[in-house]
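Data block below; observations after.
Read-outs: derived from the displayed coordinates by stated rules, not from any lab. Model, not experiment: these values are computed from the prediction. Note: ideal-geometry Cβ built from the backbone for every residue, glycine included; neighbour counts use all protein chains shown.
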Amino acid sequence: MPTEKEIIQNMEKCPHFDSCNQNLCPLDLELNLRTGNQSDKCRWMKDPSLKKIGDKEFISGGRVMPDGILNFVPQRNLERINKVSQGRWKEIKKNK
């Protein structure tokens, strides 16, 4: 069982940590103990969704998590990140 210090140290690997207010983080070593809804998810956990405002369409979510952060996502959290980031995580691990 990781300590609170270890959990925070891993989450601090994300450059957005200091300004992030999301409850669900893929770098959280105890993510399996957390609950929340779609609005509580980190940007890297959201699959793409299309929103239409007036006559314009916007896609939010679904971006690939940068490799520098992906390296610190525990395997047990893999299913919680978006699909494109899952694919990239697998590529990185396969090449190590």
Exercise. Starting from residues that are free of Cβ contacts under 8 Å to residues at least 24 places away in the same chain and in a loop (DSSP other than H, G, I, E, B), keep the ones in the range 2-18 and report whichever is farthest from I69 (Cα to Cα).
Key: T3
Practice problem: Mind telling me which of the residues P2, P48 ends up being in contact with a strand residue (DSSP E or B) (Cβ under 8 Å, 6 or more places away or on another chain) and either farther than 23 Å from G87 by Cα or surrounded by 12 or more Cβ atoms within 10 Å (Cβ to Cβ) (or both)? | Solution: P48
Quiz item: Restricting to the range 9-22, what's the tally of residues that are under 11 Å from the mean Cα position of the chain (by Cα) and either of a type in the set (D, E, K, R) or farther than 11 Å from R43 by Cα (or both)?
Solution: 2
Exercise. Name the residue, out of S39, S85, that is surrounded by 14 or more Cβ atoms within 10 Å (Cβ to Cβ), in a helix (DSSP H, G or I) and hydroxyl-bearing (S, T, Y).
Key: S85
